[in-house]
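Single-structure report; data block below.
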Amino acid sequence: MKRTTIFADEELLEQLREISAEEKSSVAETMRKAMRSYVQQRRRKKRKLSFVGIASSGRKDIAERHEELLWKKNTK
């Protein structure tokens, strides 16, 4: 672990002390938990789902015939 210094307003620090007391942990440990949670939350938002390649139609001509296949009328 590496030591760092932060600046925070007194109200925020007091709330942090209260949470630490409720959880029976140190202020430093409560800060680490809060920072971990914040980073994980931010990382989840950035991750994008990709649906490319999740299924296979078995066809090999889709790229060449995409317009014909998309606009083909269902004659069944």
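Annotations for the structure displayed:
- In the set (1) open to solvent by less than 90 Å² (accessible area, probe 1.4 Å); (2) modelled with pLDDT of 85 or more, Glu18 fails one condition alone, (1).
- The residues of region 1-34 that are part of a loop (DSSP other than H, G, I, E, B) and of a type in the set (D, E, K, R), listed by number, are Lys2, Arg3, Asp9, Lys24.
The values are calculated or read from the model by the stated rules, or taken from the named source; none is laboratory data. Quantities reported herein were computed from a predicted structural model and do not represent experimental measurements. Remember, those area values only see protein heavy atoms, side chains included, never the ligands or the DNA or RNA. Shrake-Rupley method; radii C 1.70, N 1.55, O 1.52, S 1.80 Å.
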